[in-house]
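Have a look at the structure below before the remarks.
None of the figures in this text is laboratory data; all of them are computed from the coordinates on show. Here the structure is a predicted model, which means the values were calculated and not measured. Note that each Cβ is placed from the backbone with ideal geometry, even for glycine, and that neighbours are counted across all protein chains shown.
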Amino acid sequence: MASNSDKDRNKTEDSTVQSAKPESALETARRQLHHAADHLSIDQHIVERLKHPKKVHEVTVPVERDDGTVEVFTGYRAQHDSVRGPYKGGLRYHPEVTRDECVGLGMWMTWKCALMDLPFGGAKGGVAVNPKDLSSAEKERLTRRFAQEIRNVIGPNKDIPAPDMGTDPQTMAWLMDAYSMQEGETTPGVVTGKPPVVGGSKGREEAPGRSVAIITQLVCEYYDRQLEETTIAIQGYGSVGANAARLLDEWGATVVGISDVNGAMYDPEGIDTASVPSHDEEPEAVTDYADTLISNEELLTLDVDVLIPAALGNVITEENAEAIAADLVVEGANGPTTSAADSILTDRDVAVIPDILANAGGVTVSYFEWLQDINRRAWSLERVNDELETEMQAAWRDVQAEFESRDVTWRDAAYIVALSRIAEAHRARGLWP
Ligand code: NAD
């Protein structure tokens, strides 16, 4: 199983060239680009442009530690493509942040925003630092200095960061404050994922799990499966997994397995998901509440209708793909299925609904947050959830149309929708000069 640091990087080799070493985010993004381009007639120069980021900013971030010494970190902001609107994407604090990782993940964001038809392009950034080694005050100084270093290239109409690994709503509040102080005006729209009291959106935190639940419901409907007669296993009981589990439970499905890093809880009669604390409520507590314990590996191969990997990347691999018993896999985590496993599941007629669709609720509600900030008007939770449902249904219909008309996998259909929009926008705007 992949380590936590593999989160978001994900996936292995192209099905034709399989290797044990996981692909980098950049290799995955480029492979998906070529794969989708093969189905479309796109001008080759547009594909060539999309293979590369528009700009990558690398900055030095000196930070005074609590003991008075100064440490120097490296920060990045990779901006991939802005043909459809300002750049959008997370900022992570993680020791393994690199230029190439930011470029690759920024490309993923371009595809995800286009698939959701949001008026944004893709970006990603971060600082190569272990946030666990920093006190809160050090993290604040790091964030404010990083904000200052990238201030000229971000902004509500340029590039809008959001939380990612190692960063949270508080980080976004510091970033927004630092930016606003320098601009001389309060500018909430410069970041999303802020606390609601400074312009964050209601429902943002639950949104990726909610979109996973909505897409699971839609895919069940598509395959004529009643949610009331559907059994589900979910790996990971954090923001994505627990929110998806509780909604699906509420909507009538039977959640028979949930897990965290310590192991999995199994109850064929159905788990009362509200009674098990999520990662946020009580970290890594799932197994403390379980009568029947199984391993995470056993959870993945449970005989259920739907499997939702919602913990980390590269968990469905060549080794276990044959043993996956679910008919449907809905990707809650980023990149939980390696490319080799994807081919095996396709051959076995297991439908895999890709991450860029299923967990896109996060960036979609970030878009709502940006709209609320620009308009200086907060939406009710009900409005956020209603509009999220509408956007998810629209994206689902677009992907379904490509899936049916081209006879491709759900993953390819999603990338085809995304790339056609981006390519069409490039064609319409043209190349200047
Ligand atoms: P989280 O930290 O809130 O929860 C992660 C959960 O996974 C925890 O229950 C943890 O115990 C469990 N876990 C960790 N290692 C595990 C292992 N080896 N085996 C089994 N379980 C393990 O994280 P999250 O925000 O829910 O994110 C989960 C995934 O979803 C990641 O891939 C993330 O990139 C992706 N994602 C998150 C968001 C978001 O906004 N939260 C949006 C899109 C995608």
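Brief remarks follow.
- Near the amide H of residue 73, within less than 5 Å, lie the amide hydrogens of 61, 63, all on another chain or at least 5 residues away, with H placed in the peptide plane.
- Between the listed residues 241, 147, 109, the Cα displaced farthest toward the positive end of the dipole of the chain, a dipole computed from Cβ unit charges relative to the Cα centre, is found at 147.
- Cα centroid of the stretch 55-76 to Cα centroid of the stretch 329-388, whole Å: 33 Å
- Signed unit charges on C-beta, dipole axis of the chain, positive-most listed residue 215, 199, 337: 199
- Here the contact order of the chain, divided by its residue count and restricted to Cα pairs under 8 Å and six or more residues apart, works out to 17 percent.
- 13 Å beta-carbon shell around residue 42, net charge (K/R +1, D/E -1): 0
- Taking all C-alpha pairs of the chain, those more than 32 Å from each other amount to 34 percent.
- Cα gyration tensor shape for the stretch 154-268, rounded if a/c is under 1.5, else prolate or oblate: prolate
- Under the convention that each Lys and Arg Cβ holds +1 and each Asp and Glu Cβ holds -1, the size of the dipole of the chain around its Cα centre is about 2560 debye.
- Qualifying chymotrypsin sites (Phe, Trp or Tyr not before Pro) in the stretch 247-291, DSSP loop, other Cβ atoms within 10 Å at most 16: 251
- Using θ = phi - 60° and Karplus 6.51 cos²θ - 1.76 cosθ + 1.60, couplings along the stretch 49-65 (whole Hz; Gly, Pro as x): 4, 6, 6, 10, x, 5, 8, 10, 9, 10, 10, 9, 10, x, 9, 7, 7
- Annotation: amide H of residue 122 within the under-5 Å range of 80, 81, 88, 110, sequence separation 5 or more or interchain, hydrogens built in the peptide plane.
- Derived scalar couplings ³J(HN,Hα) [the stretch 384-397; Karplus, 6.51 cos²θ - 1.76 cosθ + 1.60; whole Hz; x for Gly, Pro]: 4, 5, 5, 5, 5, 4, 4, 5, 5, 5, 5, 5, 4, 4
- Here the Debye sum runs over all C-alpha atoms of the stretch 269-360 as equal scatterers in vacuum, and log10 of I(q)/I(0) at q = 0.10, 0.13, 0.14, 0.15 Å⁻¹ comes out as -0.28, -0.47, -0.54, -0.62.
- Cα-centre dipole for the stretch 201-319 with unit charges at Cβ (Lys and Arg positive, Asp and Glu negative), debye to 20: 540 debye
- Rotationally averaged projected area of the stretch 79-158 (alpha carbon convex hull; nm²): 5.4 nm²
- Local electrostatic count, residue 264, Cβ distance below 10 Å [Lys/Arg +1, Asp/Glu -1]: -3
- For the pair residue 285 and residue 394, the difference between a 0.36 nm per residue extended length and the Cα-Cα distance amounts to 35.6 nm.
- Note, ³J(HN,Hα) from phi for the stretch 98-112, Karplus 6.51, -1.76, 1.60, rounded to Hz, x at Gly and Pro: 9, 4, 5, 4, 5, 4, x, 5, x, 5, 4, 5, 4, 5, 5
- Segment residue 96-residue 183, extension gain: residue separation times 0.36 nm, minus the distance between their alpha carbons: 28.2 nm
- Rounded Å value of the spacing that divides the Cα centres of the stretch 250-286 and the stretch 109-172: 31 Å
- Packing-based ranking, highest mean first, of 94-107, 314-327 given that Cβ atoms within 10 Å are counted: 94-107, 314-327
- Between the amide H of residue 92 and those of 125, 126, 127, distances stay under 5 Å, these residues lying 5 or more places away or on another chain, with hydrogens modeled in the peptide plane.
- Residue 64/residue 197 FRET efficiency (R0 22 Å; Cβ-Cβ; nearest 0.05): 0.20
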